[in-house]
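Visitor: Mind looking over this structure? Questions follow.
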Amino acid sequence: KKSIEEKTLWPDAARMLDKAEKDGVETAWDRLEQQTPHCKFCQTGLTCRNCTMGPCQIRKNAPLGVCGADADVIVARNFGRFVAGGSAGHSDHGRDCIEALHSVALGKSTDYSIKDEAKLLRIARELGIAVEGKGVSEVALELSDLFFADFGSRQHEVSFLVRVPEKRKKLWNELGITPRGVDREIAEMMHRTHMGCDNDAPNLMLHSARTCLADGWAGSMIATEISDILFGTPKPGKSKVNLGVIQEDMVNILVHGHNPIVSEKVLEAVNDPEMISLAREKGAKGINLAGLCCTGNELMMRQGIPLAGNHLMTELAIVTGAVELIVVDYQCIMPSLVTAGNCYHTKMVTTADKARFTGAEHVPFDMHNASHQARKLVQTAVEGFSRRDSSRVEIPQGPMEMITGFSNEAILEALGGTPGPLIEAIKAGKIRGAAAIVGCNNPKYRQDYGNVNLAKELIKRDILVLVTGCVTSAVGKAGLLMPEAADEAGAGLHEICKALGVPPVLHMGSCVDNARILQLAGILANELGVDISDLPLAGSSPEWYSEKAAAIGTYCVASGIFTHLGHPPNITGSETVTNLALSGLESLVGASFGIEPDPFKAAEMIDERITSKRKGLGLS
Ligand code: NFS
Ligand code: SF4
C-alpha cells in the first residue's frame, strides 16, 4: 500500500487524502490499488475485441487471432482506435465551438457574442475569406461554414494547413498523411480497424498520424481560435492555484470539463448582482468560482479565475466539504465525483447531453438557453450553502500566485510585435530551445513529481518551458509560473525573463490550446525558412493518462517535434510498432517518441535533442 507521501507531491493533496480516508471517501488511488496488477495482454496491446470470432489474446502458443491478425496488426489497430478516441474528444469540442459561432453569426443566439472582432477578421483573412465591405456577422458565418467543412469529406486539406511550413506539407503529401477532414480521418480509422481491412501495422500507424494531425491542426486549433473570438484572446494576468482558492465563507462553485462555452456562462451568472445578494441572504459573503482541469485553464487564461487543481485534485476538492456545486461538461470527469459529492452536500450537475452521469442532476445547456441555465445552476449552489456541514469543512490554506494568459498574440506583443527577438535569443543561446510540458496526472505516479521536476530541470538548462492542461496546476503550485522563478533558471533564460518580466515557464492554456504551440512552431519555422523538425523544440507528457494525450503526442511527433512520454501507450506487445514509435518515425517525419519515467533523465533526453537540433542549425 502506498503512503500518502508516495501518492502526491503536494501538502494540499496530502491533507485531503488523509481527510478522505477519515471520511470514508474512496479515491482514484484506492481504486488503482484494487485494479493492480493490470491485465498484461491489455497493457501490451495484445488483446483484440474487434469481432466476435474473438476476443483474441496473442500468446506464444497462439500467435495469431482467429482471423489471422498478428501482434503487430492488433497493437497498431488498438493504438489507432485509441488516438481516434482522443482526436474525437478534442474535435467534437471544437465542433461545439463552431456551432456557437454559427448561431451567433445567424443572430440565433443572444447568449453568446463576438468579443474579439479583430481576431475574427484576422483569421478570416488568413484563411482566404474576403472581408472587405462585409459585416462582422457575415464574416463569422463564412468562417463557421469553412470550419464545418474542415470536419467533412470535401476538402483536400484542412484550412489551418496554411500555418504549416511548405517543407512539412510536402512531406505529409508524400507520406499520404495530409489531414483532409476531421470526421473523415476518425471515421476512416474506425473503418481501417474493422476485421479484414488495414492489416499492415506501419500503414495503420501512418493513418494514426493523419488522424491526430486533423486533431491538432483542425479540431483543437478551431476550438482555440473560436474560443478566443467568442470570449477574448488571453492576455497576461495574475491568478491563483491550489485547493486554497476554495473559500470557507463563500458559496463555492467548481467548473470541471473542457469547453468554455459552458464555464464562461457560469462565470457570468456568478457575477450577477442578483445572485450575489441571494448568496448574502443565505449567510454567505458571496459566490466563489474556481476551475478544475481544462475548463479551469480556459477560464484562467481569459478571465483570471483561480484554478483549484488538476485531474487528481478533482475528487480531493470535494473532500474539502466546502463545495456546493460542481458543474461539468465533458471529458476527464471521473464518474466517482457523484459518489464523492454524496458523501458531503456537494451537488454535481451535468450540462451536455453527450456526457451524462448516473446520479447527477442534468441541466442541459444549448446556444439558446445557456445564460438562463447558468443562473439556475448558481441559484442551486446558493441554496446548497445552508446544507453545508461546517464541522466537516477543511480547506488547505495559502494558494500560490501565478501569471497566466500567454496566447501567441500576447507572446508576440511582449516581444514587440515580431518573433525576431525570440529567434535572436535562441540564436545567441540565451534560450537554447523550448519544451512544451503538457497533459495529465495518473495515479500510477507520485502526483506532479514528474511534471514539476522536469520543468525545473529544463529551465536550469536555459530551455523555455511552455505548459498547458493539467501541468499548469503542477508548475503553478511549485511557483514556476511567477517571474521570480527566473532565479531558478539558467543564466541566459534568467536574463531574458528579467528583461521581459515574464516567468521561465509560460502558461498557454488548456489541452486544445496545444494548438497555440503548434502555431508558434510554424511561425518560428517559417521565419527561419526551415521545417518544424529543424527547430530546437520538444514536447513532453510525463504523467499522461488519456486517449487525448496520446493524440497530442502523436500530432506533435507527426508535426516534427520530438516527444517524451513518462510511460508508453499500450503498444509494447509489438516490436514493429514500438520500434516505429521510438525510432522508425524519425526517418519518416523527422521526430519520434522517447519514453522515460524519471524526470531528471527525461530532461537529459530532451536536452540532447535540443543540442543536436541547435547543431543542425549551425548554432552552438
Ligand atoms: Ni488534457 Fe484536459 Fe487534464 Fe489530461 Fe484531462 S483535463 S484535455 S486529458 S487530465 S491534461
Ligand atoms: Fe480476433 Fe481477428 Fe476478431 Fe480481433 S478481429 S477479435 S484478432 S478474430
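The values are calculated or read from the model by the stated rules, or taken from the named source; none is laboratory data. The model shown is predicted, which means the values in this text are computed figures rather than measured ones. Using ideal geometry, Cβ is built from the backbone for each residue, glycine included, and neighbour counts are taken over all protein chains shown. We work out accessible area using only protein heavy atoms, side chains counted, and drop any ligands, DNA or RNA first. Shrake-Rupley method; radii C 1.70, N 1.55, O 1.52, S 1.80 Å.
Visitor: Can you list the helices (runs of 4 or more DSSP H) found entirely within segment 510-620 that contain at least 2 residues being in contact with a strand residue (DSSP E or B) (Cβ under 9 Å, 6 or more places away or on another chain) and at pLDDT 95 or above?
Guide: Where helices (runs of 4 or more DSSP H) fall fully within segment 510-620 and carry at least 2 residues being in contact with a strand residue (DSSP E or B) (Cβ under 9 Å, 6 or more places away or on another chain) and at pLDDT 95 or above, they are 514-528, 547-558, 585-589, 599-616.
Visitor: Then there's this: Would you please list the contacts, defined by Cβ atoms under 6 Å and residues six or more apart or on different chains, that run from a residue in segment 589-613 that is farther than 13 Å from Pro568 by Cα to a residue that is of a type in the set (Gly, Ala, Ser) and in a helix (DSSP H, G or I)?
Guide: Val589/Ala558; Gly590/Ser533; Ala591/Ser533; Pro599/Gly450
Visitor: Okay, next question. For segment 1-28, how many residues meet the condition of being touching a helix residue (DSSP H, G or I) at 6+ places or on another chain (Cβ under 9 Å) and among the hydroxyl-bearing types (Ser, Thr, Tyr)? Walk me through how you get there before you give the answer.
Guide: Of all residues in segment 1-28, those touching a helix residue (DSSP H, G or I) at 6+ places or on another chain (Cβ under 9 Å) come to 1-2, 4-5, 7-10, 12-21, 23, 25-28.
With among the hydroxyl-bearing types (Ser, Thr, Tyr) added as a condition, the list becomes 8, 27.
Looking only at that region, the number is 2.
Visitor: Inside segment 378-469, counting only strands (runs of 3 or more DSSP E) that do not spill past its ends, which hold 2 or more residues that are under 30 Å from Leu325 (Cβ atoms) and more than 16 Å from ligand 2 (Cβ to nearest atom)?
Guide: 400-404, 463-468
Visitor: May I pose another question? I need the full set of residues from segment 186-215 which are of a type in the set (D, E, K, R) and either within 16 Å of ligand 2 (Cβ to nearest atom) or not in a helix (DSSP H, G or I) (or both), in order please.
Guide: Scanning segment 186-215 gives Arg192, Asp198, Asp200.
Visitor: Further question on the same structure: Having 1 or more residues that are within 16 Å of ligand 2 (Cβ to nearest atom) is the bar; report the helices (runs of 4 or more DSSP H) wholly within segment 7-50 that clear it. Spell out how you get there, then give the answer.
Guide: Values: elements: 11-23, 28-35, 40-43.
It comes to 40-43.
Visitor: Looking at segment 476-493, can you tell me whether even one residue there is within 16 Å of ligand 1 (Cβ to nearest atom), assigned to a helix (DSSP H, G or I) and either open to solvent by 30 Å² or more (accessible area, probe 1.4 Å) or modelled with pLDDT of 95 or more (or both)?
Guide: Yes, the conditions are met somewhere in segment 476-493.
Visitor: Would you be able to say whether some residue in segment 170-178 is acidic (Asp, Glu), surrounded by fewer than 20 Cβ atoms within 10 Å (Cβ to Cβ), outside any loop (DSSP other than H, G, I, E, B) and without any contact (Cβ under 8 Å) to a residue 12 or more places away in the chain?
Guide: Yes, segment 170-178 contains a residue that is acidic (Asp, Glu), surrounded by fewer than 20 Cβ atoms within 10 Å (Cβ to Cβ), outside any loop (DSSP other than H, G, I, E, B) and without any contact (Cβ under 8 Å) to a residue 12 or more places away in the chain.
So that you can scan it fast, the table gives a plain yes or no per residue for (1) open to solvent by 60 Å² or more (accessible area, probe 1.4 Å); (2) in contact (Cβ under 8 Å) with a residue 60 or more places away in the chain:
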| site | (1), (2) |
| --- | --- |
| Thr27 | no, yes |
| Pro37 | yes, no |
| Gln43 | yes, yes |
| Val83 | no, yes |
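Visitor: Next question, about the same structure. Can you work out which of the residues in segment 565-606 that are among the β-branched types (Val, Ile, Thr) and over 14 Å from Phe79 (Cα atoms) is surrounded by the most Cβ atoms within 10 Å (Cβ to Cβ)?
Guide: Across segment 565-606, the extreme among qualifying residues is Ile606.
Visitor: Could I ask something else about it? Exactly one of these conditions fails for Val104: (1) within 16 Å of ligand 1 (Cβ to nearest atom); (2) over 24 Å from the mean Cα position of the chain (by Cα). Give me its number.
Guide: Unmet for Val104, out of (1) within 16 Å of ligand 1 (Cβ to nearest atom); (2) over 24 Å from the mean Cα position of the chain (by Cα): (1).
Visitor: Now for a separate question. Based on what the data block shows, is Leu254 aliphatic (A, V, I, L, M), closer than 20 Å to Asn369 by Cβ and in the same structural domain as Gly291 (by TED's automatic domain parsing)?
Guide: Spelling it out, it is not the case that Leu254 is aliphatic (A, V, I, L, M), closer than 20 Å to Asn369 by Cβ and in the same structural domain as Gly291 (by TED's automatic domain parsing).
Visitor: Across segment 311-327, what is the total count of residues that are within 16 Å of ligand 1 (Cβ to nearest atom) and closer than 13 Å to Val378 by Cα? Give the steps one after another, and end with the answer.
Guide: Kept after step one, since they are within 16 Å of ligand 1 (Cβ to nearest atom), are these residues of segment 311-327: 311-317, 326-327.
Narrowing further to those that are closer than 13 Å to Val378 by Cα: 326-327.
Residues meeting the conditions: 2.
Visitor: Against the definition (surrounded by fewer than 23 Cβ atoms within 10 Å (Cβ to Cβ), closer than 16 Å to Met195 by Cβ and modelled with pLDDT of 95 or more), how does Asp92 come out, yes or no?
Guide: It is false that Asp92 is surrounded by fewer than 23 Cβ atoms within 10 Å (Cβ to Cβ), closer than 16 Å to Met195 by Cβ and modelled with pLDDT of 95 or more.
Visitor: Inspect segment 54-65 for any residue being more than 16 Å from ligand 2 (Cβ to nearest atom), crowded, with 18+ Cβ neighbours inside 10 Å and not assigned by TED's automatic domain parsing to the domain that holds Thr576 and give the result as yes or no.
Guide: For segment 54-65, residues more than 16 Å from ligand 2 (Cβ to nearest atom), crowded, with 18+ Cβ neighbours inside 10 Å and not assigned by TED's automatic domain parsing to the domain that holds Thr576: absent.
Visitor: Provide a single number: the residues in segment 120-138 that are touching a residue at least 24 places away in the same chain (Cβ under 8 Å) and crowded, with 19+ Cβ neighbours inside 10 Å.
Guide: Summing the residues that are touching a residue at least 24 places away in the same chain (Cβ under 8 Å) and crowded, with 19+ Cβ neighbours inside 10 Å in segment 120-138 gives 2.
Visitor: Between Ile74, Ile129, Ile123, which is among the hydrophobic types (A, V, I, L, M, F, W, C) and not in a helix (DSSP H, G or I)?
Guide: Ile129
Visitor: If you don't mind, there's one more thing I want to ask. Output the residue which, of all residues in segment 396-439 that are hydroxyl-bearing (Ser, Thr, Tyr) and open to solvent by less than 20 Å² (accessible area, probe 1.4 Å), is farthest from Leu537 (Cα to Cα).
Guide: Selected residue: Thr404.
Visitor: Please name all residue pairs, on different chains or six or more residues apart, with Cβ atoms under 9 Å, provided the first residue is in segment 392-409 and is over 12 Å from Met301 (Cα atoms) and the second residue is among the charged types (D, E, K, R) and assigned to a loop (DSSP other than H, G, I, E, B).
Guide: Cβ pairs passing all conditions: Val393/Glu248; Ile395/Glu248; Glu409/Lys235.
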